1. Under a crude label model (7 Å from the Cα following the beta-carbon direction), how far is GLU10 from LYS316 in nanometres?
2. Output ³J(HN,Hα) for the stretch 428-438: one whole-Hz value per residue in order, computed from phi by the Karplus curve 6.51 cos²θ - 1.76 cosθ + 1.60 with θ = phi - 60°, and x for Gly and Pro.
3. Which net charge results for the neighbourhood of ARG229, defined as the other residues with beta-carbon distances under 12 angstrom from its beta-carbon, given Lys and Arg at +1 and Asp and Glu at -1?
4. Give, in nm to one decimal, the length gained when the segment between ASN78 and ALA486 is fully stretched (0.36 nm per residue of separation minus the Cα-Cα distance).
5. Where Lys and Arg each count +1 and Asp and Glu each count -1, what net charge lies around MET170 among other residues with Cβ under 13 Å from its Cβ?
6. Nearest 5 is fine: what % of DSSP beta bridges in the chain come out antiparallel, could you say?
7. Please list, by residue number, every one of the chymotrypsin sites (Phe, Trp or Tyr not before Pro) in the stretch 159-257 that is coil in DSSP and has at most 16 other beta-carbon atoms within 10 Å.
8. How much length is gained on full extension from THR110 to PHE22, taking 0.36 nm per residue of separation minus their Cα-Cα distance?
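The values are calculated or read from the model by the stated rules, or taken from the named source; none is laboratory data. All figures in this text were calculated on a predicted structure; none of them were measured in a lab. FYI the Cβ positions are ideal-geometry reconstructions off the backbone, even for glycines, and counts take in every protein chain you see. The area values use the complete protein model at the heavy-atom level, side chains included, leaving out ligands, DNA and RNA. Shrake-Rupley method; radii C 1.70, N 1.55, O 1.52, S 1.80 Å.
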Amino acid sequence: MLSVDALTVEFGGQTLFQDISFVINEKDRIALMGKNGAGKSTLLKILAGVREPSRGTVSYPKETKVAYLPQHLLLEDNRTVFEETALAFSEINEMGKQIEALNEELTTRTDYESDSYMELIERVSALSEQFYSIEEINYDADIEKTLLGLGFSREDFTRRTSEFSGGWRMRIELAKILLRRPDVILLDEPTNHLDIESIQWLEDFLINTAKAVVVISHDRAFIDNITTRTIEVTMGRIYDYKAKYSHYLELRKERHEQQLKQFEEQQKMIAETTDFIERFKGTYSKTLQVQSRVKMLEKLQILEVDEEDTSALRLKFPPSPRSGNYPVTAENVGKIYDDKLIFANANFMIERGEKIAFVGKNGEGKSTLVKCIMNEIAHEGKLTLGHNVKIGYFAQNQASLLDENLTVFQTIDDVAVGDIRNKIRDLLGAFMFGGDSSTKKVKVLSGGERTRLAMIKLLLEPVNLLILDEPTNHLDMKTKDILKQALVDFDGTLIVVSHDRDFLDGLITKVYEFGNQKVTEHLEDIYGFLAKKKLENLREIERKSTN
């Protein structure tokens, strides 16, 4: 369906990857993996045709439709959500108008025997065959079903796209891609701005409806659920596994061990050969043997061992000061924004040492309740913090509170105490600040980099109530594992707002669900909660789409 042949990308004197080739077949669902900077997003852009390689080709049949969702995009602001989404069908509508115009031309012309008239007939026939081969679609119903599945309400359909945040605008673009029914869908971190229910809806679509899919994602559960093949980009080349992500990890480990063994054997042979040359290079009787070995070493291709991610760092929080038995107590807590009720009558008690998740659709009040607990916004009802509660708070805007004039290293060095001071560079490397990155000033960091730095800083402060609002959005899988293990070991109380099921699995033991203007307590872990809710949610979405 789509063929990549001898692809090479070079810039700044560096080769990102060289002479890579592979084929994407119908029904392939591929995870594109590799450490940050390996070239995954660049490769996806080349497949999408928005970037040119230095050498090599990407080819596919003319009728193949390729759709691409980048990490960042801009939408026009003069259309409603429904109108913008309906642009998915603009090509089909344009084809219909073109056929109409050509048929009109055929009826007015009289040069029936001319070559141009015959060419016109052929064009109409070819276009008509393509147009009528497209299965009949109830456009409005499909748009509604897709928008509802991605978390929009019917009231949102008539709102301007300019009223929505970047995450919601990304959903609009995703809806357009899904509605086009392309042959190949290319997705770069599609789950970063989706809630759990929308991610599950997207999974179902990609598994049951999509044709070929290539996805970059740090959401382990998402890629494990949807993909059947893993292409790893590393050290300028690729490895292609007919396996989903979790199986690929096992195969990758075996590959690395085999490479290491072969490398060590070759190094031993080189050492022995070099030793032989040094010992006998002046001996007349051994001249031919020495020359033979010298030539052999000159021609020898040195084996490489693929870079192993050495950022596995066991990070421990400082011991938590002891708090009261109930760090957070809510009595009839509610919040209204501009006459809109977000939630009401929230009643709960969080015990010392509990680890809980706030989940639910975006806009249902998860971050709002966090801000209420932090006393950042006014609310109805009573929120009480227990004795000696010391809060560590992480939200996306924490990054803006960093001192811009400090370097990355200084930012962490200022708060690190105890044994961790000897491991600051390891810690920075684990959060993707390796090498010269630690000497960068905060002022030159990207938004994602600042977010990661704010997370490290928080991890080093002695607190007993941690509140994390979407902590994993800018973290790769290895870094998420480090953070998760640190939170599992944390001896205080944890509240985490997250859509990342794999991150929450094994971490939290209770779920507070936000929806229908209320907060509901569930005494299950994340997968127990999802199992209970899945059928109910699917029925609810279907019910909405048929109203």
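1. So the label points at GLU10 and LYS316 sit 5.0 nm apart.
2. Values, residue by residue: 5, x, 5, 9, 6, 10, x, x, 6, 4, 5 Hz.
3. Numbers: positive: LYS27, ARG29, LYS242, LYS244; negative: ASP28, GLU232, ASP240.
Net local charge, ARG229 excluded: +1.
4. Numbers: separation 408, 0.36 × 408 = 146.88 nm, distance 4.60 nm.
Fully extending the segment from ASN78 to ALA486 adds 142.3 nm.
5. -2
6. 50 percent
7. On the way: sites: PHE164, TRP168, TRP201, PHE205, PHE222, TYR239, TYR241, TYR245, TYR248; in loops: PHE164.
Listed in order of number, the matching sites amount to none.
8. Value of the extension gain: 26.6 nm.
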